[in-house]
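What follows is a short report on a single structure.
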Amino acid sequence: MNEALKEKISRELQEAAERISHEVALELLPDEGMELVYARHGARTPDDVGSCLLFREVEGISRPSIRFEHPSLMVSGILTAIRFSPEIRSACSIRHSEKLKRIAEDMLLETWTCTAGSIPPGVSTMDWAVAFCSEQDSGVPDVLFIETDGKTLAQARLFGERPGSVATNLIKISQRIIDATH
């Protein structure tokens, strides 16, 4: 990937991360951090995907650095999503909760839930879940929930065309969570 394209991807990720750090409720961040990814058109390998990780800090949410060529579940998941819905090039990990499921459905976001127990052994949970829901439905959903047996943490992923659209939906979800608790 050329430097100009890397710079464009980095800029869009940084702008979205900045919005998320100022406007998203901390309860949406997974304990291991929120990974936000953005792939170039036609991405096929981790080299084609920019990634950043946002963490909880004392003052709120960290300001991340952007990296490329970083193999992770989110990078692998967005590469799988692109195979089924080429316009979907960005995603982030969010903390799974029943409240999140209700809010996503109330917002009329397309959701899909699968159980980790139905995933064949030796296959990445994220890749299988994205491929399975895409084949069963009309493509990659806005929000993917991966439920577990309680031994591991349930997961949720928010997908969009660009980091800005992912951030916008995340901020809308966050605002509804904040409104519901006040």
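The values are calculated or read from the model by the stated rules, or taken from the named source; none is laboratory data. The model shown is predicted, which means the values in this text are computed figures rather than measured ones. Every residue, glycine among them, receives a Cβ derived from its backbone with ideal geometry; neighbour counts consider all protein chains shown.
Find the residue count for the stretch 28-62, including only residues that are within 23 Å of residue 155 (Cα to Cα), at pLDDT below 90 and not small (Gly, Ala, Ser).
6
Considering each of 69, 59 in turn, give the residue that is on the phi > 0 side of the Ramachandran plot and free of Cβ contacts under 8 Å to residues at least 40 places away in the same chain.
Every option except 69 fails the conditions.
Are any residues in the stretch 143-182 of a type in the set (A, V, I, L, M, F, W, C) and part of a strand (DSSP E or B), and if so, which ones?
From the stretch 143-182, those of a type in the set (A, V, I, L, M, F, W, C) are 143-146, 153-154, 156, 158-159, 166-167, 170-171, 173, 177-178, 180; that's our starting set.
Of everything in the stretch 143-182, those that are of a type in the set (A, V, I, L, M, F, W, C) and part of a strand (DSSP E or B) turn out to be 143, 144, 145, 146, 156, 158, 159.
Give 28, 36 a once-over and let me know the one that is more than 14 Å from residue 9 (Cα to Cα), surrounded by 14 or more Cβ atoms within 10 Å (Cβ to Cβ) and touching a residue at least 12 places away in the same chain (Cβ under 8 Å). Even if it seems obvious, please write down each step before you answer.
Details: 36 fails: more than 14 Å from residue 9 (Cα to Cα).
Only one candidate qualifies: 28.
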